[in-house]
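Laboratory data are not the source of any read-out in this text; all were calculated from the coordinates shown. If you're wondering where the values come from, they're calculated on a predicted model, not measured in any experiment. Virtual Cβ from ideal backbone geometry, glycine too; neighbours counted across all protein chains shown.
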Amino acid sequence: MTELQFFDGLLGFWFIMAAVAFVSLFWLPAPYGRMKRAGWGPELPARWGWIGMELPAVVVPLVCFGLSARMDHLVVGILLGMWLLHYLQRTFVYPFRMRMSGKTMPFLVAALAFFTNIGINYLNARWLYTLGPEYSSAWLLDPRFLIGVTLFLFGFVLNLHSDHILANLRKPGETGYKVPRGGLYRWISCPNYAGELLEWTGWALACWSLPALAFAVWSAANLVPRARENHRWYQRSFDDYPAGRKALIPGVW
Ligand SMILES: NC(=O)c1ccc[n+]([C@@H]2O[C@H](COP(=O)([O-])OP(=O)(O)OC[C@H]3O[C@@H](n4cnc5c(N)ncnc54)[C@H](OP(=O)(O)O)[C@@H]3O)[C@@H](O)[C@H]2O)c1
């Protein structure tokens with residue numbers, strides 16, 4: 001089997017996996033954070049779980065980039081920079097910014113995320129840096145690239161700001177939950193997910209490739225069911241939860 005045949009098979013499998021995940025996560029939420037429940041095997045500290053499972057999203061692109069002949073291509077460098085902006089933050093800053101002390105997650109969740117991160121990063125990095133068509137410098141002025149980069153940056157700031165609001169809800173040592181307020185929490189329960197989805201939609205637009213689309217679809221398959229579950233959980237848990245607040249899209253859903 002050639003690498004391209006393997007690549008195409010894995011890419012097709014990813015879209016099927018996204019469809020399966022989307023349907024099943026509505027019924028069986030991933031057991032971490034507020035949805036963590038007993039019966040999912042051994043656990044590890046949540047902070048180390050986050051670092052470990054996100055690490056492939058930093059290492060795999062850098063290795064593939066280092067092995068490629070496109071290291072001096074400006075477009076490729078910008079797309080890598082966007083990816084690393086998100087994943088250096090997610091892997092090395094986020095786990096220390098959020099109040100996770102004393103929290104655990106099932107080892108199984110971290111292991112599954114670790115291996116899916118290897119897969120989706122392989123697909124995107126190999127395509128961008130070696131297997132896919134090269135971008136000419138004219139792509140820098142293409143509306144898809146410009147709108148994609150703008151969406152990504154907007155989503156990144158929204159994701160960071162929303163996580164910042166969550167991080168400040170707990171005082172040192174606290175582990176419970178409160179109603180988040182301010183920012184886009186005025187209108188939706190999960191602006192951190194909305195930001196993340198805007199980021200990967202923008203990145204897919206800027207890359208204009210099937211692997212990048214697979215990642216945007218995969219992220220939506222994970223985050224849309226969880227946004228519904230988080231929203232319902234807030235409504236069940238707080239009598240004074242703002243009635244007009246939606247799950248993910250202001251005024252709509
Ligand atoms: N691309 C993808 O496919 C994908 C998939 C999953 C997650 N993510 C991203 O990863 C990040 C974290 O995801 P997540 O599902 O863990 O988000 P989350 O449920 O909103 O939790 C984020 C952090 O805030 C804390 N928190 C949440 N709500 C709180 C409240 N009401 N009061 C006090 N603390 C609260 C959580 O504590 P606890 O852990 O104690 O609940 C956790 O430390 C998000 O930015 C998300 O977009 C991306």
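Summed over qualifying helices (DSSP H, 4 residues or more, each -39500 (n - 2.57)) and divided by its residue number, the chain shows a 222 nm mean residue ellipticity of -20500 deg cm²/dmol. The trypsin sites (Lys or Arg not before Pro) of the stretch 18-117 that DSSP puts in a loop, and whose beta carbon has at most 14 other beta carbons within 10 Å, are Arg37.
Comparing Cα centroids, the stretch 208-253 and the stretch 81-150 end up 20 angstrom apart.
For the chain, a Kirkwood radius taken over Cα pairs fed into Stokes-Einstein (25 °C, viscosity 0.890 mPa s) yields D = 128 µm²/s. Comparing mean-square fluctuations of Ala227, Ala243, Ala216 from a GNM of the chain with C-alpha springs under 10 Å, the top value falls on Ala243. Overall, the anisotropy analysis places the stretch 102-205 in the oblate class: the square-rooted eigenvalues a ≥ b ≥ c of its C-alpha gyration tensor yield a/c not less than 1.5, with a/b not exceeding b/c.
Taken one residue at a time, the phi angles of the stretch 228-245 give Karplus couplings (6.51, -1.76, 1.60, θ = phi - 60°) of 4, 5, 4, 4, 5, 5, 4, 5, 6, 8, 10, 4, 8, 5, x, 5, x, 6 Hz. Gly and Pro are set to x. Relative contact order of the chain: 25 percent, from C-alpha pairs under 8 Å at least 6 residues apart in sequence. Using θ = phi - 60° in the Karplus curve 6.51 cos²θ - 1.76 cosθ + 1.60, the 3J(HN,Hα) couplings for the stretch 76-85 round to 4, x, 5, 5, 5, x, 4, 4, 5, 4 Hz; x is entered for Gly and Pro.
Note on the chain: with a GNM built from Cα contacts shorter than 10 Å, the maximum mean-square fluctuation among Thr104, Thr150, Thr175 falls on Thr175. Each residue of the stretch 119-135 is assigned a 3J(HN,Hα), and the resulting list reads x, 6, 6, 4, 4, 6, 6, 5, 5, 5, 9, 9, 7, x, x, 7, 8 Hz, derived from the Karplus form 6.51 cos²θ - 1.76 cosθ + 1.60 (θ = phi - 60°), x at Gly and Pro. Charge dipole of the chain (Cα centre as origin; +1 on each Lys and Arg Cβ, -1 on each Asp and Glu Cβ, all else neutral): 1120 debye, rounded to the nearest 20.
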